[in-house]
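J.: One structure coming up, written as structure tokens, with questions to follow.
Taken together, the values in this text are just the output of simple stated rules run on the coordinates, not laboratory data. From a predicted model like this one, the values you see are computed outputs, not experimental measurements. Backbone-built Cβ (ideal geometry, glycine too); neighbour counts: all protein chains shown.
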Amino acid sequence: MKILVFGAGSLGSLIGGMLARVHDVTMVGRKPHMRSVRDGGLVVEGKMDVRVTPNARTTVPASASVDLAIVTVKSFDTSQAARALVRCEPHAVLSLQNGLGNERILSEHLDGVLAGTCTYGATYEPGRVRCTGVGEIVLGPPDGGRSKHADRVASAFEAAGLIATVAEDMPRRLWEKLAVNTGINAPTALARIKNGELDAGPATEIAETAARETAHAARQEGIDLTGDEVVEAVRRVIDATADNTSSMLQDVRSERPTEIDAINGYVAEYDDTPVNTTLAGLLRAWEHERGLR
Ligand code: KPL
């Protein structure tokens, strides 16, 4: 299968690196990393031990036509990704991103868009990606149900040694993931703490309330998700990623824009979501003060 990974950071490099074992993969990412991959290949280490030589580029090649495009950029870059990907006429497009609304933006420009969630963990440096946790990729049509694209993509992932399953209830899964991110990302970013410190500390109640509000917003969309279910999911993820620095805290530490608009900001648009509104307001104020928005 011809595959293009748009956004070869840590997750994109891990998925792209694994897929390159058996597929024709092009990775699009930032210059220092892509230059190392082009010169010396990509090492996938940690829980994996693989060396591959995918095509590495900083822009989408003009004349490439691909079977699958995988989007792993930050949510605020989705629109730019969608426009760039039109050039390679993908038959299917899989979003493995944080936040809600990415698939809708991709679908404005592209056909065959699939939603996905991913619980693999990874970190990277130029030319190397470290798998810090073997998880699972779950994918399917963003509005639920089945599609032949989803079956084909899951088989391509499995053939490369990635654990992937097709789900018919992606809307509910995306909302559950959103609840986890609303509970963990902004509180850890604002308090500058690791995920594990949300386990039983002063910010725990904020995390759980943000997640409960997200379930409340999901129910306003007709998604059957309870507050207790999402609190349980938040606790599970805090436990499994206790030592991790959330992606939002990494962004704040590096003084980069965060995904607040697609996470707590998305939920804040619904009724009765005061904690998400407060978290979104504080992160937006921080971004504004740093000239990042
Ligand atoms: O997805 C994550 C993130 O940091 O963006 C979690 C699951 C919270 C892990 O850190």
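J.: Can you compute the FRET efficiency between ARG51 and THR165 using 1/(1 + (r/R0)^6), with r the Cβ-Cβ distance and R0 = 22 Å? Round to the nearest 0.05.
T.: 0.20
J.: Out of the DSSP beta bridges found with both residues in the chain, what percent are antiparallel (nearest 5)?
T.: 30 percent
J.: By how many degrees, between 0 and 90 and to the nearest 10, does the Cα long axis of helix 31-40 differ from the longest principal axis of the chain?
T.: 40 degrees
J.: Right, next: If you plug each phi of the stretch 103-116 into the Karplus form 6.51 cos²θ - 1.76 cosθ + 1.60 with θ = phi - 60°, what whole-Hz ³J(HN,Hα) values come out, in order, with x for Gly and Pro?
T.: My calculation for the stretch 103-116 gives 5, 5, 5, 5, 5, 5, 10, 10, 9, x, 7, 10, 9, x Hz in order.
J.: Helix-only mean residue ellipticity at 222 nm, the chain, DSSP H runs n ≥ 4 weighted -39,500 (n - 2.57), per residue, nearest 500. What is it?
T.: Dividing the helical sum by the residues of the chain leaves -13500 deg cm²/dmol.
J.: Here is a follow-up. Order by neighbour count: GLU176, GLU289, GLU197, GLU269, fewest other Cβ atoms within 10 Å first, most last.
T.: GLU289, GLU269, GLU197, GLU176
J.: May I pose another question? Rounded to the nearest 10 degrees, what's the angle between the helix 274-289 long axis and the longest principal axis of the chain, both from Cα atoms, 0 to 90?
T.: So the helix axis and the longest Cα principal axis differ by about 60 degrees.
J.: Taking amide hydrogens as modeled 1.01 Å from N in the peptide plane, which residues meet the under 5 Å criterion relative to ARG128, leaving out close sequence neighbours?
T.: Amide H to amide H, under 5 Å and 5 or more residues apart or across chains, ARG128 pairs with VAL43.
J.: Counting C-alpha atoms alone, how compact is the chain: give Rg to one decimal and Dmax as a whole number, in angstrom.
T.: When restricted to Cα atoms, the chain yields Rg and Dmax of 18.3, 54 Å.
J.: Applying a 10 Å radius around every beta-carbon, put 253-259, 183-189 in order of their mean neighbour count, most first.
T.: 183-189, 253-259
J.: I'd like the Karplus ³J(HN,Hα) series for the stretch 133-144: coefficients 6.51, -1.76, 1.60, θ = phi - 60°, whole numbers in Hz, and an x wherever there's a Gly or Pro.
T.: Running phi through 6.51 cos²θ - 1.76 cosθ + 1.60 with θ = phi - 60° gives x, 7, x, 8, 10, 10, 9, x, x, x, 9, x Hz.
J.: If you don't mind, another one. Enumerate the lysines that LYS2 could reach by cross-link, defined here as Cα to Cα under 24 Å, with residues fewer than 8 away along the same chain left out.
T.: LYS31, LYS74, LYS148
J.: Quick one: length gained pulling GLU221 to ASP271 fully straight, 0.36 nm per residue minus the C-alpha distance?
T.: 16.9 nm
J.: Then there's this: Taking only Cα atoms, what is the 0 to 90° angle, nearest 10, from helix 227-240's long axis to the longest principal axis of the chain?
T.: 60 degrees
J.: Between ARG87 and SER107, what is the label-to-label distance in nm when each label sits 7 Å out along the Cα-to-Cβ direction?
T.: 2.6 nm
J.: Quick one: what does P(r) look like for the stretch 215-293 with 10 Å bins over all Cα pairs, in whole %?
T.: Bins of 10 Å from zero give 17, 39, 35, 9 percent of pairs.
J.: Suppose R0 equals 30 Å; then what is the FRET efficiency for ALA191 and LYS31 from their Cβ-Cβ distance, rounded to the nearest 0.05?
T.: 0.35
J.: Give me a comma-separated list of calculated 3J(HN,Hα) values for the stretch 70-77, in order, Karplus coefficients 6.51, -1.76, 1.60 applied at θ = phi - 60°, integers in Hz, x for any Gly or Pro.
T.: Ordered by residue, 3J(HN,Hα) equals 10, 9, 10, 7, 4, 4, 6, 9 Hz.
J.: Here's another thing I want to ask about it. Over all directions, the average projected area of the alpha-carbon convex hull for the stretch 2-166 comes to how many nm²?
T.: 8.1 nm²
J.: For a protection proxy built on the mean count of beta-carbon atoms within 10 angstrom, sort 225-237, 56-68 highest first, please.
T.: 225-237, 56-68
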